[in-house]
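Notes follow the structure.
Bear in mind that the values in this text are calculations on the coordinates, not laboratory data. Predicted, not measured: the structure shown is a model, and the values here were computed from it. When we count neighbours, we look across all protein chains shown, and the Cβ atoms used for this are built from the backbone with ideal geometry, even at glycine.
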Amino acid sequence: MKAEGTGIAGFSVLFTFGAAAGIFLHGRCHFIYQTVCISFFLAAGLAACSALMSSRTPEGTYGTGRRTALLLLASFFFAGLYSASVYALGGSGGSGSGFLSRAAASCAGILKDAIMETPFRNQESGAMILALLTGDKSQLPAHISESFRISGASHILALSGMHLGVIYIILARAFSVSGNSPAAVRIRSAMIIAVSGFYTLMTGAGASIVRAFLFISFNETARCTHRKRVPMNIFCASLMAQAAMTPDELGSPGFQLSYLAMAGIYLIYPPMQKWYAAPDGHRPGPLKKIWDTAAMSIACQITTAPAVWYYFGTFPQYFLITNMIAIPLSSAAINISILVLLARSAGICPDILVAADEFMISAMCRSLEVISTL
């Protein structure tokens, strides 16, 4: 039986390689106009040949079917090359202009002000919440940033799929009150995509958070159209879409680490998760939840470790302990921080919420400081 996601995987990989080749050629060659024309005609011609051969191929003819598939794969490579060449020819465009971008920048400023005006007992808490919710690390003390780096928790401070994933869960639960009728599901999916997209713009639309937004968009689109949500199909579609929209990001560590981490979660984590199975008919206990968290951390580390070593020349020895502590505490801090900000915007600010937020932040920072000294 053909593995789920293998159909689109070849197309997305070849398209991405083509986009990377287009960016590479643009930086080293001076015939970008010719590259655009040649890649366009090659992509269109190969796709047309593939379609023609497919329509004339009797069912079950393996050799011809294989040639058709190879032609189609080649057409995706040249389509990626064409896409990147056009992008390089026109530049990145006015990504910072437009009503949505201006509105997002304005809201980002309001959010930052609201965080810094929250009556935390120490400035470290406000600076940490600012980093977790907006990606702005400028207010963080140097010793905290260093402890996160040494302990292997830098990804907690960099806005990523984890942060948008936490917000996605909050949105899904908040909008779940609308019910499960077809109309309610469509409205809920549209609202989740809209809010997630606005948050992505508001926080600067970095490579990893754009990846998370695309995952959410494809997942919710499949949900409201009653299509099967295959994780690897979503992965490949997102990779191809992001390579088409911003091919210059393909060489960035953030882009590569984000997709490598998700590859580990989708390919390695599921079999590892089954190594410690919950008893039949029983809800997963604490040990099962601990194992699942550890398995996910190990799976991500397996796929990202080579790239981390290549780019940064280091490997966090205590990554497992770090993630087991930092991920739950940072997720809790994000949830509580959103509650605090919503409560303050409504004119109330329960001291217990602020204290709980500070406790989570303090516990995370102190724990990582200890780990960084090991």
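The C-beta contact set for the range 222-238 (first residue farther than 15 Å from Leu267 by Cβ, second residue of a type in the set (Lys, Arg) and outside any helix (DSSP H, G or I), distance under 8 angstrom, 6+ apart or interchain) comprises Ala222/Lys228; Ala222/Arg229; Arg223/Arg229. Residues in the range 308-323 that are surrounded by 15 or more Cβ atoms within 10 Å (Cβ to Cβ) and part of a helix (DSSP H, G or I) were compared, and the one that is farthest from the chain's Cα centre (by Cα) is Ile321.
Scanning the range 326-358 for residues that are free of Cβ contacts under 8 Å to residues at least 12 places away in the same chain and in a helix (DSSP H, G or I) gives Leu342, Ala343, Asp351, Ile352, Ala355. Inside the range 184-207, residues that are in contact (Cβ under 8 Å) with a residue 60 or more places away in the chain, in a helix (DSSP H, G or I) and buried (at least 17 other Cβ atoms within 10 Å of the Cβ) make up a count of 2.
Among the conditions (1) in contact with a helix residue (DSSP H, G or I) (Cβ under 8 Å, 6 or more places away or on another chain); (2) farther than 20 Å from Val13 by Cα, Lys289 misses just one, which is (1).
Every listed requirement among (1) over 17 Å from Met364 (Cα atoms); (2) of a type in the set (S, T, N, Q); (3) more than 20 Å from the chain's Cα centre (by Cα) is met by Gln301 save one, (3). For the range 122-137, taking the residues that are in contact (Cβ under 8 Å) with a residue 40 or more places away in the chain and over 24 Å from Phe198 (Cβ atoms), the one that is surrounded by the fewest Cβ atoms within 10 Å (Cβ to Cβ) is identified as Asn122.
Of the helices (runs of 4 or more DSSP H) lying entirely inside the range 98-167, the ones with 2 or more residues being among the β-branched types (Val, Ile, Thr) and farther than 29 Å from Val308 by Cβ are found at 99-116.
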